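Nothing in this text is a laboratory measurement; each read-out follows from the coordinates by a stated rule. Bear in mind that the values here come from a model prediction, so they are computed numbers and not experimental data. Virtual Cβ from ideal backbone geometry, glycine too; neighbours counted across all protein chains shown.
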């Protein structure tokens, strides 16, 4: 089995003003004060702070990521951001298909796949999000729902280019609820099996699968110790340096 270096990504969502860079500076201080983190650390701020995060984080090993990108490289898309623009601002990663985009902006699997393709084309590593609703989990269809999302959202380019999968049970995001260890283990094993079936053992085992859904300082160590959990996509807890560093340190 391939040994993957864990990845911890912080999604600031629609939070953060210039003074929020003070938290980034504190995170950098914590990360450089002791032993080097065992995880790859990514911060995905709002686009207004992306260039600053990329520049400020560079000296401490904090990488920058975008929260979304358009499917096109340029054009008449007022308010949208192209993957190449994110790369130009210093991003190395971009989140695509987050449940809040799928629900609030009616993004389909096909659109998510096109965004992932655009990201890869711009030299970014897409973090492709999948997740089931509470109704789908209660109906016992969670694994089949995720399998279908993965099949349609992951581009064939994943065979040659790096990308990340993030499993985020929709009903656990921002609610403080988390699935049981057994539920997380079963879903991540199912995702891994699907990746291996599609891309073969070597490639399928080399794709990181993150857990996203109310990962907090108090539960990070337990979740990150689960087989096939190769890191976390962290929401609210990434806004405070102390909390985010605790999660990073739990690796």
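Points worth noting:
- Inter-probe distance in nm under a simple model that places probes 7 Å from Cα toward Cβ, at residue 3 and residue 221: 2.2
- Point-to-point label distance, residue 141-residue 202, nm (Cα→Cβ direction, 7 Å offset): 3.8
- Semi-axes of the equivalent ellipsoid for segment 109-251, Cα gyration tensor, largest first, Å: 23, 18, 15
- Computed across segment 1-67, the Kirkwood hydrodynamic radius from all distinct Cα-Cα pairs reaches 12.4 Å.
- Segment 21-138: C-alpha gyration tensor shape, a/c 1.5 cut-off, then a/b vs b/c: oblate
- Ellipsoid semi-axes for the chain, based on the Cα gyration tensor and the rule √(5λ), read 25, 22, 17 Å when sorted largest first.
- The helix-based estimate of mean residue ellipticity at 222 nm for the chain, built from -39,500 (n - 2.57) per DSSP H run of four or more residues and divided by its residue count, is -11500 deg cm²/dmol to the nearest 500.
- Least to most buried among 3, 108 (fewest other Cβ within 10 Å first): 3, 108
- Whole-angstrom gap from segment 179-223 to segment 104-168, using each part's C-alpha centre: 14
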